[in-house]
Amino acid sequence: MDPLLSSAERELQARARAFTDRVVRPRAAAIDAEGEYPWDIVKALTEAGFVGMTIPKAYGGQDRSFLDAVLVIEEMAKACTVTARIVVETNMGAISTVMAYGSEAQKRLAASLVLAGDKPAICITEPDAGSDAMAMTTRADRRGDKYVINGRKHWITGAGVSRLHLIFARVFDEQGADLGIGGFLAVRDEANKPNSGLRRVKREDTMGLRGMPEGELAFENLDVPADMVVMPPSGFRRGFADLMNAYNSQRVGAGTVAMGIAAGALDHALDWVKTREQFGRPIGEFQGLQWMLADMQVQLTASRLMLYTAARSRGPDGSAFPDPMLAAQAKIFAAEAAIRIVNDALQMFGARGYSRSLPLERMARDVRMFTIGGGTAQVLRTLVAAKMLGWKLPQGRDGYMPKPSMRDAAE
């Protein structure tokens with residue numbers, strides 16, 4: 001029994017664990033081998049109420065907390081990373097952004113799609129604008145009562161299967177003036193017609209997470225009604241930072257997936273070292289492996305504590321999203337610890353761990369993504385350092401800002 005959780009939270013956790021054992025675990029290896037999006041799992045998750053949990057009740061959701069979502073994500077990730085990612089994307093990120101900043105019509109549209117099983121896509125990254133999101137070139141030009149979007153986005157999770165898209169683009173008024181970066185809601189035509197204005201042009205052949213498509217999207221004269229602009233109170237010029245707050249929940253979700261993979265790997269390792277015998281005794285009796293297990297457990301516990309704390313937090317601006325400092329630290333630590341834990345678990349199996357007959361090699365491939373996606377570990381360290389110093393730390397060479405002198409600080 002976890003003393004950090006309420007009885008209701010433990011009940012939800014137990015329900016997610018039972019669902020995972022019954023529905024998810026038997027499908028995990030096939031999802032990876034086939035590389036196809038698991039629509040059957042999506043249907044089961046939807047019927048069980050694990051998608052759209054964080055959507056307010058007024059829009060058909062359960063109004064659950066980010067911590068509730070974290071508890072479910074962890075259990076799913078122990079068996080199947082793709083399933084866990086679906087739970088992340090249907091409870092955090094784009095849907096949270098719309099619920100925080102969208103109009104009534106936008107909230108109802110987004111909620112109806114997600115609660116029916118759609119996994120929204122956040123479209124920020126471009127072929128030449130990854131960590132440097134401000135370098136994006138996708139543009140939205142105002143044309144009367146609509147915006148026309150042109151450009152490309154890359155490494156879009158769910159490309160080709162998601163219907164709801166939150167697209168970030170540079171906004172220009174009818175006179176061609178640059179207004180900043182805004183978010184636009186667009187729904188992909190289910191037929192994915194070549195002339196629909198929004199289409200997938202490439203799917204990446206990824207190392208892991210093979211049932212979750214990552215791909216490149218092309219926007220070619222995509223018409224988006226002006227009432228589908230997701231507009232924070234701060235407007236276009238400063239609103240991009242508000243919209244990016246969604247990544248704080250997304251980062252907590254990604255860190256939780258990594259932590260869940262690590263927890264699943266440790267479970268496998270524990271079972272193995274108790275039963276595998278060498279030199280006339282179970283290998284768990286050897287001190288070298290015992291110390292490895294202890295280190296794995298310490299890292300897992302620390303990851304869980306950091307993620308729970310971040311999930312429960314609120315941003316300093318009073319937003320509904322987790323504190324950015326806590327979210328960044330939790331993702332850095334949990335993702336890097338998970339890689340170490342999974343690798344150590346695989347090591348304990350020896351050659352068997354390297355075989356595809358066991359889930360450890362799949363876990364090793366899947367977990368590697370989480371120090372990259374949603375903010376690399378290096379970029380997040382820069383974010384943490386900037387918060388600590390109270391400085392803006394631009395990445396662009398021409399954006400260097402000298403630190404204030406002691407006299408300036410005193411004045």
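The values are calculated or read from the model by the stated rules, or taken from the named source; none is laboratory data. Note that the structure is a prediction, hence the values are computed from the model and not measured. A quick note on method: Cβ atoms are made from the backbone with ideal geometry, for glycine too, and the neighbour counts reach across all protein chains shown. Just so you know, the surface numbers come from the protein's heavy atoms only, side chains and all, with ligands and any DNA or RNA stripped out. Shrake-Rupley method; radii C 1.70, N 1.55, O 1.52, S 1.80 Å.
Listed values, structure above:
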quantity	calculated
Total charge dipole magnitude, the chain, about the Cα centre, Cβ charges on Lys, Arg, Asp, Glu only, Debye to nearest 20	260
Folded to 0 to 90 degrees: helix 66-77 orientation relative to the chain principal axis, Cα	50
Computed [θ] at 222 nm, helices only, for the chain once each DSSP H run of length n ≥ 4 contributes -39500 (n - 2.57)	-15000 deg cm²/dmol
Sites matching chymotrypsin sites (Phe, Trp or Tyr not before Pro) across region 255-296 that sit in DSSP coil, with at most 16 neighbouring C-beta atoms within 10 Å	F279, F286
Nearest-ten-degree value, helix 39-48 long axis tilted from longest Cα axis of the chain	90
Accessible-area ranking of S65, S249, S357, largest first, probe 1.4 Å	S357, S65, S249
With Cα atoms, 0 to 90° folded angle of helix 324-348 axis to the chain main axis	30
Over 25 Å (Cα to Cα) - which of K57/K146; K119/K202; K57/K78; K43/K78; K78/K274 fall in this group	K57/K146; K57/K78
Segment D63-Q290, extension gain: residue separation times 0.36 nm, minus the distance between their alpha carbons	77.5 nm
Relative packing of peptides 302-315, 332-345 - highest average C-beta neighbours within 10 Å first	332-345, 302-315
With every protein chain in place, region 239-351: carbon and sulfur % of accessible area (1.4 Å)	56
D223-L5 pseudo-label distance in nm [points 7 Å out on the Cα-to-Cβ vector]	4.9
Prolate/oblate/rounded label for region 189-302 (Cα gyration tensor, a/c 1.5)	oblate
Gain in span if fully extended, R352 to A133, counting 0.36 nm per residue against the direct Cα distance	74.7 nm
Mean Cβ count within 10 Å, highest first, over the residues of peptides 123-129, 258-264, 135-141	258-264, 123-129, 135-141
With all protein chains modelled, accessible area of D145 [1.4 Å, Å²]	120
For P225, net neighbour charge (Lys/Arg +1, Asp/Glu -1) across residues whose Cβ lies under 13 Å away	0
Hz values of 3J(HN,Hα) by residue in region 113-129 - Karplus curve (6.51, -1.76, 1.60), Gly and Pro given as x	5, 5, 5, 8, x, 7, 9, x, 10, 8, 10, 10, 4, 10, x, 10, 9
Positive-end residue of A84, Y37, V367, charge dipole of the chain with Cβ unit charges	V367
Cut-off 17 Å, label 7 Å out along Cα→Cβ of F279, residues of region 340-359 by amide N	348-350
Cα gyration tensor, region 154-254 - rounded (a/c under 1.5), prolate or oblate	oblate
Contour minus Cα-Cα distance for V379 and R312 (0.36 nm per residue)	21.8 nm
Label-point gap, in nm, between S112 and D173 - each point 7 angstrom along Cα→Cβ	3.3
Shape of region 232-274, Cα gyration tensor, a/c cut at 1.5	prolate
Candidate aspartates and glutamates for bridging to K107, where Cα separation is under 15 Å - those fewer than 8 sequence places away on the same chain excluded	D63, D118, D227
Span from the region 160-192 Cα centroid across to the region 248-311 one, whole angstrom	41
Whole-percent carbon and sulfur share, accessible surface of region 60-182, 1.4 Å	47
If the convex hull is drawn through the Cα atoms of region 23-149, its volume per residue in Å³	142
Estimated distance in nm for a label pair at E336 and M207, the labels positioned 7 Å out from Cα along Cα-to-Cβ	1.7
